[in-house]
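One structure is given below, encoded as structure tokens.
Computed from the coordinates by the stated procedures, all read-outs in this text should not be read as laboratory data. Note that this is a predicted model, so its numbers are computed, not measured. In this analysis, Cβ positions are derived from the backbone assuming ideal geometry, glycine residues included, and neighbour counts consider all displayed protein chains.
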Amino acid sequence: VAAMEGAVWVVVEHEGGQEKPVAHELLSEARKVADSLRRELHAIVLCREPGDLGKRLTGHPDRVVFLQSPFLAEYSADGYTAALHSAWQQRKPTLILSSSSLRAMDFMPKLACRLDTGMVSEATALSVTEGGSIRVRRPTYGGRFYLEVEPNRSPPWIVAARPRAFARTDGDRQAEIEMVAVGIQDSDIRARTMERVSRQGAAMDLTEASVVVTGGRGMKGPEHFGLLGKLADLLGGAVGASRAVVDSKWRPPDEQVGKSGRVVSPSLYMAFGVSGAVHHIMGMDTSKFVVAVNNDPKALIFNYADYGIVDDLFQILPELIKAIRSAK
Ligand SMILES: Cc1cc2nc3c(=O)[nH]c(=O)nc-3n(C[C@H](O)[C@H](O)[C@H](O)COP(=O)(O)OP(=O)(O)OC[C@H]3O[C@@H](n4cnc5c(N)ncnc54)[C@H](O)[C@@H]3O)c2cc1C
């Protein structure tokens with residue numbers, strides 16, 4: 001029990017029996033943090049049935065803990081909060097780490113509130129201080145500055161990190177698997193899912209894609225986004241959109257990149273006909289490599305691009321698709 005107390009926890013998000021790729025990034029980084037803090041690392045999975053997730057999560061954690069309840073068959077913020085709170089009471093983890101996905105932003109602040117502690121979201125780096133506390137780096141003012149945050153309270157510390165902020169590494173640790181029945185009651189869950197509607201053609205979660213191909217108003221109309229889809233498919237990426245595009249109903253809201261949309265950090269971000277307004281930049285400026293195509297040489301997007309092409313995107317896009325096809 002002593003080792004189980006004070007562990008570093010990674011809350012694993014999963015859907016349809018599959019963990020999200022970000023879980024491996026978090027476990028890789030959390031391993032280093034747990035080692036520096038001399039703590040165990042536990043992967044925490046909330047579910048009804050564990051399936052084969054235990055096998056797939058092994059490598060970095062010392063333990064994979066399944067918090068099980070019939071009320072966790074469907075995600076709910078109340079169910080997750082109640083289960084994590086109840087497990088916290090038993091085990092008192094030092095650090096609870098999740099991704100800053102839309103779902104985690106639903107339940108993690110509730111958990112922080114219930115534990116009467118603070119929370120840092122959108123973390124892009126984590127380290128352990130000499131004093132044995134943690135230091136979290138996160139962007140602020142739309143990515144123009146970084147903040148280094150240290151908790152001024154004793155644990156638990158609660159941190160949500162950006163997908164793709166940390167590299168996934170391999171580990172050879174054999175995790176112990178543990179099943180814990182958590183006592184959640186029907187009355188704990190005040191809001192529940194009545195129906196799931198999945199959008200046709202939503203191939204990939206934008207925030208987890210390693211390539212994002214975004215179209216702005218320069219795409220001229222919804223009918224041209226097929227070209228971007230082709231390019232995204234060839235590169236194994238996802239299609240994004242500027243707000244102007246979403247407001248014009250050319251693309252659905254879940255594709256919007258920016259301050260009021262999604263924050264993405266792909267290895268490659270390609271922007272076609274996007275002007276580069278600050279509200280857009282806020283959603284993509286941690287991308288590793290940026291390519292912009294715009295026929296206005298003064299477009300702001302070029303300030304953020306590693307490669308800029310000043311030309312008509314309708315000339316460039318088909319050529320690019322052709323070139324990548326033949327290179328493949
Ligand atoms: C509170 C607030 C929140 C916001 N949140 C977001 C957000 O989350 N995401 C977001 O994107 N925006 C957001 N915005 C809006 C943002 O300020 C911009 O208005 C928006 O990003 C502009 O979209 P755009 O670049 O597609 O369009 P435009 O600014 O109209 O730019 C179109 C670009 O396409 C180029 N172009 C045109 N034709 C061609 C061609 N044939 N070939 C090549 N280039 C061409 C033009 O030169 C131009 O640069 C927000 C605004 C506010 C006030």
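Once you put a point 7 Å from the Cα of ALA167 and another 7 Å from the Cα of THR129, both along the Cβ direction, what distance in nm separates them?
2.8 nm
Is the C-alpha gyration tensor of the range 143-186 telling us rounded, prolate or oblate? Criteria: a/c under 1.5 is rounded; beyond that, a/b larger than b/c is prolate, otherwise oblate.
Numbers: a/c = 2.25, a/b = 1.35, b/c = 1.67.
In terms of gyration-tensor shape, oblate.
When Rg is the radius of gyration of the Cα atoms in the range 225-287 and Rh is its Kirkwood radius, what does Rg/Rh come to? Provide the component values of the computation, followed by the final result.
Values: Rg = 10.9 Å, Rh = 11.8 Å.
With Rh from the inverse mean 1/r over Cα pairs, Rg/Rh is 0.93.
Can you list residues whose amide H is under 5 Å from VAL149's amide H, if they're 5+ apart or on another chain and H is modeled 1.01 Å from N?
Answer set, sorted by chain and number: VAL136, ARG137, ARG138.
Expressed in nm to one decimal, what extension gain is obtained for the pair GLN89 and GLU49 from 0.36 nm per residue of sequence separation less their Cα-Cα distance?
Working: separation 40, 0.36 × 40 = 14.40 nm, distance 2.25 nm.
Taking 0.36 nm per residue and subtracting the Cα distance, the gain is 12.2 nm.
Go ahead and set up a Gaussian network model of the chain, Cα springs under 10 Å, then flag whichever of ALA299, ALA271, ALA112 fluctuates most.
Residue with maximal mean-square fluctuation among ALA299, ALA271, ALA112: ALA299.
Taking 0.36 nm per residue of separation and subtracting the Cα-Cα distance, what length does fully extending ILE324 through ASP311 add?
Details: separation 13, 0.36 × 13 = 4.68 nm, distance 1.86 nm.
Residue separation times 0.36 nm, minus the Cα-Cα distance, leaves 2.8 nm.
What residues of the range 125-160 lie in the reach of a label at SER36, counting those whose backbone N is under 11 Å from a point 7 Å from the Cα along Cα→Cβ?
It comes to 125-137, nothing else.
How would you classify the range 173-239 from its alpha-carbon gyration tensor, with a ≥ b ≥ c the square roots of the eigenvalues: rounded for a/c under 1.5, else prolate if a/b is greater than b/c, otherwise oblate? Walk me through the numbers before you get to the answer.
Details: a/c = 4.25, a/b = 1.88, b/c = 2.26.
Cα axes put the range 173-239 in the oblate bin.
Can you tell me the relative contact order of the range 189-259? Whole percent, Cα pairs under 8 Å, sequence separation 6 or more.
On the way: 78 pairs, mean separation 21.4, N = 71.
Once divided by the residue count of the range 189-259, the mean separation gives 30 percent.
Shape of the range 1-138 from its Cα gyration tensor (a ≥ b ≥ c, root eigenvalues): rounded if a/c is under 1.5, otherwise prolate when a/b > b/c, or oblate? Could you put the intermediate results ahead of the total?
On the way: a/c = 1.43, a/b = 1.28, b/c = 1.12.
Rounded is the answer for the range 1-138, as its axis ratio a/c remains below 1.5.
Sequence gap at least 6, Cα distance under 8 Å: using those rules, report the relative contact order of the chain to the nearest whole percent. Could the numbers behind the result be given before it?
Details: 694 pairs, mean separation 48.4, N = 328.
The value is 15 percent.
Computed over the Cα atoms of the chain, what is the convex hull's projected area averaged over all directions, in nm²? List each step's numbers first, then the result.
On the way: hull surface 71.8 nm².
For the Cα atoms of the chain, the hull's average projected area reads 18.0 nm².
Hey, with R₀ at 30 Å, roughly what FRET efficiency would ASP233 and ARG103 work out to, going by the Cβ-Cβ distance, to 0.05? Could the numbers behind the result be given before it?
Numbers: r = 26 Å, r/R0 = 0.87.
Efficiency, rounded to the nearest 0.05: 0.70.
Suppose a student asked you for the relative contact order of the range 196-328, using Cα pairs under 8 Å spaced at least 6 residues apart; what percent would you report? Each step should come with its number before you reach the end.
Details: 270 pairs, mean separation 29.9, N = 133.
Normalised by residue count, the contact order of the range 196-328 is 22 percent.
Could you please rank ARG153, ARG114, ARG162, placing first whichever residue has the fewest other Cβ atoms within 10 Å of its Cβ? It would help to have the intermediate numbers written out before the result.
Details: ARG153 10, ARG114 13, ARG162 23.
Listed from fewest to most nearby Cβ atoms, that is ARG153, ARG114, ARG162.
Based on the Cβ-Cβ distance of MET204 and GLU176, what FRET efficiency does E = 1/(1 + (r/R0)^6) give at R0 = 35 Å, to the nearest 0.05? Before the final figure, lay out each step's value.
Numbers: r = 33 Å, r/R0 = 0.94.
My answer for the efficiency is 0.60.
Evaluate E = 1/(1 + (r/R0)^6) for THR117 and LYS288, where r is the Cβ-Cβ distance and R0 equals 45 Å; express this FRET efficiency to the nearest 0.05. Could the numbers behind the result be given before it?
Working: r = 33 Å, r/R0 = 0.72.
Computed FRET efficiency for THR117 and LYS288: 0.85.
Only four residue types carry charge here, +1 at the Cβ of Lys and Arg and -1 at the Cβ of Asp and Glu. Report the dipole size of the chain about the Cα centre in Debye, rounded to the nearest 20. Walk me through the intermediate numbers first.
Working: 40 positive and 39 negative charges, 94 e Å.
Using Cβ point charges on Lys, Arg, Asp and Glu, the chain gives about 460 debye.
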